[in-house]
Every structure is written in structure tokens, then in C-alpha cells.
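The values are calculated or read from the model by the stated rules, or taken from the named source; none is laboratory data. Keep in mind that what you see is a predicted model, and the values were worked out from it rather than measured. Positions of Cβ are backbone-derived with ideal geometry, glycine not excepted, and every protein chain shown enters the neighbour counts. Remember, those area values only see protein heavy atoms, side chains included, never the ligands or the DNA or RNA. Shrake-Rupley method; radii C 1.70, N 1.55, O 1.52, S 1.80 Å.
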Amino acid sequence: MKKLSASLLAALTFALVSTALATTVIPPTFDDLVTHAEMIFQGTVTDVRSQWTGEGGQRHIESYVTFKVEDAIKGNPGAKVTLNMMGGTVGAETMEVSDAPKFKVGDRDILFVENNGTQFIPLVGIMHGRFRVQKDEIGRDVVLTNDGAPLTDVNQLGKNERAATAGRAISTQEFKQALQSGVGHSPP
């Protein structure tokens, strides 16, 4: 009986670990972000709206997040971009996608977008494709990760997250300079 219990416990543990690993988002490197993005832009959220879509078992909430584009870095986003994302709140009902960024009107971001309208979260690496832009203590625009940590070294993204976010946040200008170098080397 003990042997069966131990075997069953081992099998269940393996199944749970396998499932957890299958849903883990591996942080992309900076080069991966640039290469996989169809468009990269800096913008400000001007509207967020959610609605029910689909029928029967396919019924779910989708959110439409509209950005005023301030700087097109890769691709041709136009003057505004609306991202179609799974999840949101309609009335008293909320549907959340684990680790998906949450946007609100007024947010300023640099986004790495891929497969908008066909992918449940159209950002490269889900939350890793969003970088927040905020003013620092001296009024300079700096870059933060989706979770609000200061981005200090783009070369450490996807390699050593602790090193990528340890220290003073880089400015948006420094980030865009790194992007321009990366965009120039990535395939169209």
C-alpha cells in the first residue's frame, strides 16, 4: 500500500509540475523582443473598454485598449493603435488572464506588439512586451518593467532579470537608442 501511495504521489507531482511548466512564459531577451515584434511604439492609453464576445462555450470577455501613438519605433502603427486582449470586466463579471498586463487611461508605455487580433495577449512574451514610461524624481522619462521595476540593462532581459532591474532606471532616450540599434539588425 505504501509503495502504491508513493508511486501515485510521484505521478501526481510530475503531472502538476509538467502542467505548470507548460504554462510558464519564458522571459524573452531584448533581441527576441525586437525580432518578434511586428510593431514597437511608445504611446498613451486613451480608452479601455471590455465586452462579451463569442457564443456558448466560446463566450468570453475581450478588452480593447486604445493608444495614442507618440513615437513609432518599428512597423507602421499609425496615429492610434487598439490592442485586442482577452480578459476584462463587464458589469460585475471579471475574466483575468494570468500575468496579462492591466491598462488604464493615462498609462504611458513602450509596447512590443505581435499578432494583434489573433493572439490572446498581442504582446511579445505577454507581460514582457510592455514597458512602462514614468517620470523619475528629477522629471526625466524612465523605463520600468510591467511590474514597475526600474529597467537598468536591456542586455540582461531574459538572461538575468535581477541584473536587468538593479539600479537606476534608464531613460526612454537610452531605451530607444538600444531599440534603434536592435531594429536595424532584426529581420522585417
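Descriptive notes on the structure:
- Test for A163: is it modelled with pLDDT under 90, hydrophobic (A, V, I, L, M, F, W, C) and either open to solvent by 50 Å² or more (accessible area, probe 1.4 Å) or in contact with an Asp or Glu (Cβ under 8 Å, 6 or more places away or on another chain) (or both): yes
- For the residues G117, G75, G106, G125, the requirement of being among the small types (G, A, S), more than 22 Å from S50 (Cβ to Cβ) and open to solvent by 30 Å² or more (accessible area, probe 1.4 Å) singles out G75.
- Residues satisfying the stated conditions in segment 78-103, i.e. buried (at least 18 other Cβ atoms within 10 Å of the Cβ) and not aliphatic (A, V, I, L, M): G87, G88, P101, F103
- With a requirement of 2 or more residues that are farther than 17 Å from P28 by Cβ, the strands (runs of 3 or more DSSP E) lying completely within segment 103-188 that satisfy it span 130-135, 141-145.
- Residue under evaluation N146, criteria (1) open to solvent by less than 40 Å² (accessible area, probe 1.4 Å); (2) polar (S, T, N, Q); (3) modelled with pLDDT under 90, criterion not met: (3)
- Qualifying residues in segment 47-72 (those that are within 23 Å of Q173 (Cβ to Cβ) and free of Cβ contacts under 8 Å to residues at least 60 places away in the same chain) - the one least open to solvent (accessible area, probe 1.4 Å): F67
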